[in-house]
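In what follows, a structure is listed as structure tokens, so that the remarks can point back to it.
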Amino acid sequence: MPPFIRKALDVGDKLALLASDSRYDLACSCGTREDEHRRRGSDDRWIYPAALPDGRTTYLFKTLLSNACVNDCKYCPLRGGADARRCSLKPEELADIFLSYFKVGKVGGLFLSSAVEGSPDATMEKLNRAALLLRRQQFRGYIHLKIIPGASDEAIRQSVALASAVSLNIETPGAHNFKHMCATKDYARDIVRPINLISRLTAKGSRFARVKQTTQFVVGASSETDREIIDACATLYKKLSLQRIYFSAYQRGAGAESLPGERSNEDNAAMLMREHRLYQVDWLLRKYGFEASEIPVGADGRLSLALDPKEAWARAHPEFFPVNVNCDDRSRLLRVPGLGQTFISRILAFRRNRSRISSLADVARPTKLLRRAEGYVTF
Ligand code: SF4
């Protein structure tokens, strides 16, 4: 066959391509790296473990419906005009394949996303139809639907009615950062408006309160600072009640264009470390009682790459320490670098049993992390 004639793709080929392209989307609690937690097996490339909103773990069937996109997000290897092989699945094809996996117990749920094929609402119609077909076949399990930027209110309402969780990627904090990344989407109209609408539709006490909303930032693709991202996260959690926020380090050489906000001295490894630090901050905001304003950043608005943010806070607040392991409450213990939620629960259980703790080794085998705590506690 001449090299310029490509073989027509069958459904299996399309699924392999679309599932592989879905790896850039993290907003579903799935692993992302090639080797990360995926099930082994010749046809299991599209199966990912994921945490459900109720804390259980399941295996998700994760794919795009299409990788043909009309948008021009400069950080995205699938943007219109980029050299990528394009294809689409029909909703009926997706529903059939998914059910064949579900019926033999290979997967427990679906994460379904898509590039913008034609228009936002045309794409939403396909996503919603796939979900509707599954619901009509009595599939009552977990469905996570991607909301396409610029989708109409009605299309979003239909997704929320069908899904267990939905996500629209916010990408960056603020229109001033967004304009460097994409010319075909409007930040206020296509990103902020739908996120606000989903938040209202799924608010506590509403008909769809069971539906969770998540989102994702691309880190390092514009000139955004960590301070801006952290403040945006606090707003998304507190005012809009998002369930989780994910971060994806922009990686040069992954098919993306050169971007105006790029820092020339920052390599891909540094971007990944920045992503890691933002995940640590996310934990501090959600689980450790930190306010966004307490997270220390440098004069340039950036987190330290060398120091984890909890330790950076502790070093800046010597007046707070030492924390007494035998007397202080959970909220104070949570501020100690190296002490995690599980270890603190063990400390409190020890205390309830009237056991006096004379060293952290009384509670658990010493680890590198625990040794970090020793300089901040007393007994
Ligand atoms: S909308 Fe943007 S991020 Fe999504 S597939 Fe298209 S180009 Fe990529």
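The values are calculated or read from the model by the stated rules, or taken from the named source; none is laboratory data. Here the structure is a predicted model, which is why all the values come from computation and not from measurement. No Cβ is skipped: glycine too gets one built from the backbone with ideal geometry, and neighbour counts run over all protein chains shown. For the accessible areas, the whole protein counts, side chains as well, though only heavy atoms, and no ligand, DNA or RNA atoms are used. Shrake-Rupley method; radii C 1.70, N 1.55, O 1.52, S 1.80 Å.
What part of the accessible area of the stretch 318-378, given as a whole %, is carbon or sulfur when the probe is 1.4 angstrom?
Details: 1790 of 3580 Å².
Here it works out to 50 percent.
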Check: Given the convex hull over the Cα atoms of the chain, what projected area results after averaging over all orientations, in nm²?
Finding: 22.0
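So what is the calculated 222 nm ellipticity per residue for the chain, using -39500 (n - 2.57) for each DSSP H run with n of 4 or more, over all residues, to the nearest 500 deg cm²/dmol? Walk me through the numbers before you get to the answer.
Details: 12 runs with 127 residues, N = 379.
So the calculated ellipticity at 222 nm is -10000 deg cm²/dmol.
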Margin query: Using a 7 Å offset from Cα along Cα-Cβ at THR225, what residues in the stretch 299-321 end up with backbone N under 16 Å from the label point?
Written below: 299-305
Item checked: Residue (of CYS69, ILE191, GLY340) at the positive-pole extreme of the chain, dipole from beta-carbon charges -> GLY340
Item checked: Most mobile of GLY109, GLY80, GLY12 in a GNM of the chain (Cα contacts under 10 Å) -> GLY12
Next item on the list: Would you mind pulling out the separation of the Cα centroids of the stretch 321-376 and the stretch 142-204, in Å?
Entry: 41
Check: Under a point spin-label approximation (7 Å from Cα along Cα-to-Cβ), what is the GLN280-SER355 distance to one decimal in nm?
Finding: 3.0
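Compute the length gained on full extension between THR184 and LYS106: take 0.36 nm times their separation in residues and subtract their Cα-Cα distance, giving the result in nm to one decimal. Could you put the intermediate results ahead of the total?
Values: separation 78, 0.36 × 78 = 28.08 nm, distance 3.85 nm.
Result for the pair: 24.2 nm of gain on full extension.
Place a +1 charge on the Cβ of each Lys and Arg in the chain and a -1 charge on the Cβ of each Asp and Glu, then give the dipole magnitude about the Cα centre in debye, rounded to the nearest 20.
Working: 59 positive and 43 negative charges, 311 e Å.
So the magnitude is around 1500 debye.
What order do you get for 229-241, 144-156, 294-306 when each peptide is scored by the mean count of other beta carbon atoms within 10 Å, highest first? Before the final figure, lay out the partial values.
Numbers: 229-241: 17.9, 144-156: 22.2, 294-306: 14.5.
With the highest mean Cβ count within 10 Å placed first, the list reads 144-156, 229-241, 294-306.
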Item checked: Inter-probe distance in nm under a simple model that places probes 7 Å from Cα toward Cβ, at LEU369 and PHE320 -> 1.8
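Quick check on my link table: of LYS310/LYS368; LYS126/LYS239; LYS179/LYS238; LYS204/LYS239; LYS62/LYS103; LYS204/LYS238, which ones sit more than 21 Å apart, alpha carbon to alpha carbon?
Details: LYS310/LYS368 16 Å; LYS126/LYS239 31 Å; LYS179/LYS238 26 Å; LYS204/LYS239 12 Å; LYS62/LYS103 16 Å; LYS204/LYS238 13 Å.
Distance filter (> 21 Å) returns LYS126/LYS239; LYS179/LYS238.
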Next item on the list: Sticking with the crude label model, points 7 Å out along Cα→Cβ, report the distance from ARG200 to ALA269 in nm, one decimal please.
Entry: 4.9
